Amino acid sequence: MKKLLLILVIFSFVIFSCGKKDGSVTIKNGLVCEIDGRQWVGDTLTSNILKSAEYIVITSTLANTTSKQLELFSVVLKGELKTGDYSLSSEGNQSYVEFTSTMTKKDIGSENEFDKFRSSEGKVSVVKFDENHIEGTFNFTLVTTEEPKKTLKVTDGKFNIKISK
């Protein structure tokens, strides 16, 4: 009888663990991506989401206190939170991404110097959300807001952020 029960438990585990992938994001809390091929992993403690009547703002930071380098992502989604795709634009009144970085500066003269980027094209896909978290994927191009123009390609982006209450 014990052998039969053990076989059933193992069989059940095999059946349920071989399920179809649903596009879910596999990080617990935070935002990850590649920026021009460089792995970027946001701090899980500072990654959060803010909701208002008009916008959903997802933020995540990457800080290196030793080198005084800082990067900040702000993903601003226009409208009500829903599953699906949000097209990004540099136009006002649309969904967009802002990225601020001291790491992209070649000659840092003071701690306050940074590059500010804004999305020029791309999309953010919300795969799932509930009252506790939001998760999804993204790919887009960022362009600096000042001259000389710099461009960054952001790929393989994923987020899974707990909603603060």
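Read the figures in this text as sums done on the coordinates, not as results from a lab. Keep in mind that this is a model prediction, so the values were computed, not measured. Reconstructed Cβ throughout: ideal geometry from the backbone, glycine too, with neighbour counts over all protein chains shown.
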Links that overshoot a 31 Å alpha carbon limit, given the list LYS128/LYS149; LYS28/LYS82; LYS128/LYS150; LYS28/LYS149: LYS128/LYS149; LYS128/LYS150; LYS28/LYS149
Taking the beta-carbon count within 10 Å as an exposure proxy, list SER47, SER89 from fewest neighbours to most. SER89, SER47
Neighbour counts of other C-beta atoms within 10 Å: give me ILE27, ILE161 arranged from fewest to most. ILE27, ILE161
Show me, for region 41-54, the HN-Hα J-couplings you get by feeding each phi into the Karplus relation (A = 6.51, B = -1.76, C = 1.60, θ = phi - 60°), rounded to Hz, glycine and proline as x. 10, x, 5, 5, 6, 9, 6, 8, 10, 10, 10, 10, 5, 10
The residues TYR55, TYR86, sorted from fewest to most surrounding Cβ atoms within 10 Å, come out as TYR55, TYR86
